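Here the structure comes first, spelled out in structure tokens, and everything after it is commentary.
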Amino acid sequence: MKLSSLFFLLFLTSIAFAKDMRYAKNDMHTLTLKKGKLEVFGSLLKMNDQIDIFNIKEQELGNSSNYDAIGDLTGYSLGIRYGLTDQIMLSYTRTHQKIEYSSDSIFNNRDNIYLRYNFIQNPYAFFNSGISLDVGFERNKLDDFYITNIDTINSLISKLLPNENAEIRYSDGVTAFENEPGPKEEGYYVYFNNSASKLSSEPYVVLKNTKDESFFFRFLTGYYTSYSLFDFYAGLKKTKIKNLVTTTDEIKKLALDNGYDLEKKLDRYEDMFFLGFSYSLSHKKFIYEFNYEYEKFFRDEEINYIDYNHIVNASISYAVTNNLLINIGAKLMYRQLNGQIPYLYNKYTQTSYDHKYGYATFGFQYLF
């Protein structure tokens, strides 16, 4: 049985169980840790041919037309939560992701920190068991990312210079290019307006100084019993994005000589409204969790191809001891990392990520 099928079967059977509730993997709850309590948690993140949640990779990324879309993902997430008082909790998470893009890899680092203030925690009030406010900051930062795949480079050039005759070709020194009389000397050639110039080094496109920084707040309220949590939440996020797309000095000069600018500064702002619900159920040593979130983005008109996302997080945790939990889960997205890594989306790249996406998580939590 595939991992995705086993996970789905276990999640469906979870609705039959009920017992003592623990604060588990998902943090979309009104609950806060008691004063002085420290929780440490971590997860491995994975998506590839063997760990393909609901066959998303096979269905969405399995043909050559998707060569410039995001593929396999590996990474990890580490974090802490600490009860500053009985009503105030601090949470910090560091996430590192390696994401395959064509024949190259994106390395993204994310920091997420927030303070949660719990106004009310009353287990006897229906749909008012808790009311909390989160105020936080999140940052994604990309290591300088060099794109060396010629097809991907030409795809980006066609987006940077729409309706223009510009591309890069490689000659093996034996085979003639189409519509040209004979083979050229081995090497890379850049074409502007049908005029070829041989390059002295291998071409690349690079994303430099790329990051996004967000401030957010979120309200949470819900109802809980000794064995279950049911929470609603909503919030706003404001994001500043910095992004520079450039190429080699040689190609930039040749482009400028032909009246083109291949260096683009794509700094911008976007706002996001989000809302969702979370349900958790405990039975003996198992905890079953499900979280749904809807995200709506407010961007410039030229970046409105897909201005929303649906995200599902689900997990099963097992209590090894009273203090140690291990878990397995999955994160599913209607569109690839839309709103999760804002700098990935701009007017040139937004249509490249028009695919469903998801990955598995394997983790632990320890409460001191």
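The values are calculated or read from the model by the stated rules, or taken from the named source; none is laboratory data. These figures come from a predicted structure and were not determined experimentally. Ideal geometry is used to build each Cβ from the backbone, glycine not excepted, and the neighbour counts take in all protein chains shown. Note: areas computed on protein heavy atoms with side chains; ligands, DNA, RNA excluded. Shrake-Rupley method; radii C 1.70, N 1.55, O 1.52, S 1.80 Å.
Odds and ends about this structure:
- Residue match in the stretch 352-363 (condition: within 30 Å of residue 197 (Cα to Cα) and in contact with a Ser or Thr (Cβ under 9 Å, 6 or more places away or on another chain)): yes
- Top-ranked residue of the stretch 68-109 - restricted to ones that are charged (D, E, K, R), buried (at least 18 other Cβ atoms within 10 Å of the Cβ) and under 30 Å from residue 203 (Cβ atoms), ranked as farthest from the chain's Cα centre (by Cα): 68
- In the stretch 188-224, the qualifying residues are those that are among the polar types (S, T, N, Q) and open to solvent by 40 Å² or more (accessible area, probe 1.4 Å), and the one that is modelled with the lowest pLDDT is 194.
- Top-ranked residue of the stretch 147-187 - restricted to ones that are of a type in the set (D, E, K, R) and either in contact with a helix residue (DSSP H, G or I) (Cβ under 6 Å, 6 or more places away or on another chain) or without any contact (Cβ under 8 Å) to a residue 12 or more places away in the chain (or both), ranked as most open to solvent (accessible area, probe 1.4 Å): 178
- Test for residue 230: is it modelled with pLDDT of 85 or more, within 27 Å of the chain's Cα centre (by Cα) and surrounded by fewer than 21 Cβ atoms within 10 Å (Cβ to Cβ): yes
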